[in-house]
Amino acid sequence: VWTMNPDGSNPRQITYESRGPVICPAWAPDGKRLAYSVWSLGTFIIEVDKPWKEQSPQALGPLSEQNAWFWARSWSPDGRCIAGDLQGPTGAYSGVGVYSFESKKYLRLTDFGAFAHWLRDGRRLLFLDENRIYLIDSGSGRIREILSVAPHELGPVFALSRDNRLILF
């Protein structure tokens, strides 16, 4: 993972992971931590301001499902949880889950979809599945479709504006 200024100057490498490719970087809301995943190993948290040689990447606990993985995507606004993709042994996405830093446990929110994004209210998330974007309330579990572009493709990811009023896809 690299950082740089908006004009492209001052590129700085912040991960030097030797165990495999780094994927799915996700910044904590305070900008002090970064979650990233390493293929077949899981998700790790580092402190961004520390040099790599001083890092001790903290692994999130394993999923209870054997040969399943959690790819972090989006921190909750309060930084207490992180939402991500659940991926089964076949490599297919198997739903959206949330990891709690307090309980050190995962909660499966759905059995379909991926690419979850927390909304600013810290309770609801948007996620993508088959050219549709869904909204889920993490408290009640209620899910509703909010956008479909079928039969067209939505792409593999989408983004939200900071005020949550716009979706870029």
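Here are the numbers for this structure:
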item	result
Prolate/oblate/rounded label for region 125-169 (Cα gyration tensor, a/c 1.5)	oblate
Cβ-Cβ FRET estimate between Ile23 and Ser161, R0 fixed at 25 Å, reported to 0.05	0.55
Neighbourhood net charge (9 Å Cβ-Cβ; Lys/Arg +1, Asp/Glu -1) for Gly113	-3
Most positive-pole-ward Cα, Gly97, Pro77, Ser56, against dipole of region 46-145 from beta carbon charges	Pro77
Rounded accessible area per residue of region 49-94, 1.4 Å, Å²	57
Mean Cα-pair separation over length for region 84-168, i.e. relative contact order, pairs under 8 Å, 6 or more apart, %	18
Förster-model FRET efficiency, 22 Å R0, Leu41 and Arg123, C-beta, rounded to 0.05	0.15
By average C-beta atoms within 10 angstrom, highest first, the peptides 72-79, 153-160	72-79, 153-160
Separation in nanometres of the label points that stand 7 Å from Cα toward Cβ, at Leu168 and Thr3	1.9
Dipole magnitude of the chain, debye to nearest 20 (Cβ charges: Lys/Arg +1, Asp/Glu -1, about Cα centre)	300
Compactness relative to 2.2 N^0.38 Å, alpha carbon Rg of the chain	1.04
Pair Gln66, Val149: separation of 7 Å Cα→Cβ label points (nm)	4.0
Distance between modelled label sites at Arg132 and Asp49, nm, 7 Å Cα→Cβ extension	4.5
With DNA, RNA and ligands ignored, accessible area of Asp111 (1.4 Å probe; Å², nearest 10)	120
Region 1-49: C-alpha gyration tensor shape, a/c 1.5 cut-off, then a/b vs b/c	oblate
Proximal aspartates and glutamates relative to Lys53, as straight alpha-carbon distance under 15 Å, when same-chain residues fewer than 8 apart are discounted	Glu17
Rounded accessible area of Ile23 (nearest 10 Å², 1.4 Å probe)	50
Net charge of neighbours whose Cβ lies under 12 Å from the Cβ of Ala68, counting Lys and Arg as +1 and Asp and Glu as -1	-1
Net charge contributed by nearby residues that have their C-beta within less than 14 Å of Ser140 (K/R +1, D/E -1)	+2
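The values are calculated or read from the model by the stated rules, or taken from the named source; none is laboratory data. Computed from a predicted model, the values in this text were never measured in an experiment. Ideal geometry is used to build each Cβ from the backbone, glycine not excepted, and the neighbour counts take in all protein chains shown. Each accessible area value is taken on the protein alone, full model and side chains, heavy atoms only, with ligands, DNA and RNA left out. Shrake-Rupley method; radii C 1.70, N 1.55, O 1.52, S 1.80 Å.
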